[in-house]
Amino acid sequence: MDAITFQKLRDIESRFGEVEAKMSDPDIARDPSAFQRLARESKEITPIVERYRAYKAALGEISKIQEMVRGESDAEMKEMAHEELRALEARRDALDAEIPPLLIPKDPNDEKNVLLEIRAGTGGEEAALFAAALFRMYLRYAELHGWRVEILGINETGLGGYKEASAAIAGRGVFARLKFESGVHRVQRVPETEASGRIHTSAATVAVLPEAEEVDIHIDEKDLRIDVFRSSGPGGQSVNTTDSAVRITHLPTGLVVQQQDEKSQHKNKARAMKVLRARLYEMERQALASARAADRKSQVGSGDRSERIRTYNFPQGRMTDHRIDLTLYKLAAIMNGELDELLEALQREFQAEELAAE
């Protein structure tokens, strides 16, 4: 372990002591919000401190045994000491590998809930059918992990495809798991609408936005234009007989959010504000990320086939993620929400890049 890493660990251990002392302060104990902040920090750095202390203990034991071996003349005792030394060195090496990933700065959004937005891109009706399949894939993944899902809106086509669909997904570490899904997803398959059996290529865009609370993003009422109108369904037919649909325009940015799925104007407005906050927060987040020039692969493109992050090839039963050059021949399982192998590979690659940058 290098000197810089050791110094980081010493600083973290020192901070851990400060946090523990503050949490024992009666004044802090009377302030729930301050106590919770310290408790969260303690929880985050405890695994690092535990491993650092175990690492130091292993180094100390190794040093003692090496000193003992040098002064030991009994061959049997020397062999026993060497065996113990090998075990301690293996323990040291394991901790040496475990610690660096824990030092990667945590994304403050990792524990947030998300807004999932999917839109059909290039490919007409087939793109809409693929967008619907992707939406079901993510909802199934959420179900497998016990997350809560609230459908915010679906714009359905005549054949059952989705021009666009959105949902709020809530649970522990949702953004951490799904944040690498943003981008253009390409599909190669024989469409249901194709009589000749030719393979078509189409695309859909996926956006995963961390849900923003009012404390995360301030929206001034005077910056909003709110229009209400009557909800309509496919083909323009009236769905509600009252003006329950809501369209909110954020004047400084030009962002427009529309909600009409609920019969209550109040509920539609609340949903629209949730989506607007998330989109404004994402704009700020991306601006900060681009300033670091570290990660542009979470950008959502225009939906053109060339801007892909992943390809789903149905005739070959394979999925390829082009960012990490990973191909899995288990497409049916993936489309049924079994995404853990893929998402964990993406997280490992991200960690490797962050460690290299550090």
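The values are calculated or read from the model by the stated rules, or taken from the named source; none is laboratory data. Everything numeric here is computed off the predicted structure, so don't read it as measured data. Note that we place each Cβ from the backbone using ideal geometry, even for glycine, and neighbour counts take in every protein chain shown. Remember, those area values only see protein heavy atoms, side chains included, never the ligands or the DNA or RNA. Shrake-Rupley method; radii C 1.70, N 1.55, O 1.52, S 1.80 Å.
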Practice item. For each pair in LYS43/LYS267; LYS43/LYS330; LYS56/LYS179; LYS22/LYS112, compute the distance between the two Cα atoms and list the pairs where it is over 31 Å. Key: LYS43/LYS267; LYS43/LYS330; LYS56/LYS179
Point to revise | Candidate lysines - alpha carbon under 20 Å from LYS269, same-chain residues fewer than 8 apart omitted | key: LYS222
**Study point:** Mean-position separation - Cα centroids, region 44-95 and region 128-205, in angstrom
**Key:** 52
Practice item. Report P(r) for region 24-101: all Cα-Cα distances, bin width 5 Å, range 0 to the bin holding the largest distance, values in whole percent. Key: 3, 14, 17, 13, 11, 9, 9, 7, 6, 5, 4, 2, 0
Point to revise | Label-reachable residues, region 317-356, where backbone N falls under 11 Å from a point 7 Å from ILE104's Cα toward its Cβ | key: 344-356
Study note, to complete from the structure: Under Stokes-Einstein, region 41-178 at 25 °C and 0.890 mPa s, with its Kirkwood radius over C-alpha pairs, diffuses with a coefficient in µm²/s of 124
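Hey, what did region 54-103 get for relative contact order, percent, Cα under 8 Å, at least 6 apart? Kindly include the intermediate steps, with their values, before the conclusion.
Working: 20 pairs, mean separation 25.9, N = 50.
Reported as a whole number, the value is 52 percent.
At 1.4 Å probe size, with every protein chain present, just tell me what the per residue accessible area of the chain comes to in Å².
Numbers: 19360 Å² over 358 residues.
In whole numbers, the chain has 54 Å² accessible per residue.
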Review point. Using 0.36 nm per residue, how much length does the chain from GLN316 to ARG30 gain when fully extended, once their Cα-Cα distance is taken away?
Key: 96.8 nm
Practice item. Quote to one decimal, in nm, the extra length available between LEU255 and ILE154 on full extension: 0.36 nm per residue of separation minus the C-alpha distance between them. Key: 34.5 nm
Point to revise | the chain: radius of gyration and largest Cα-Cα distance (Dmax), Å | key: 26.5, 96
Revision key, fill the gap. Under 15 Å by backbone N from the virtual spin label 7 Å along Cα-to-Cβ at LYS43, the residues of region 1-36 are 33-36
Study note, to complete from the structure: Plugging the Cβ-Cβ distance of ASP243 and HIS200 into 1/(1 + (r/R0)^6) at R0 = 51 Å yields, to the nearest 0.05, a FRET efficiency of 0.80
**Study point:** Spin-label model distance (nm) - GLU61 vs GLU221, 7 Å beyond Cα toward Cβ
**Key:** 6.5
Review point. Restricting attention to the alpha-carbon atoms of region 72-129, what are Rg (one decimal) and Dmax (integer), both in Å?
Key: 27.2, 82
Check your understanding: For the chain, what is the calculated [θ] at 222 nm in deg cm²/dmol (nearest 500), taking -39500 (n - 2.57) for each run of four or more DSSP H residues and dividing by its residue count?
Key -> -16000 deg cm²/dmol
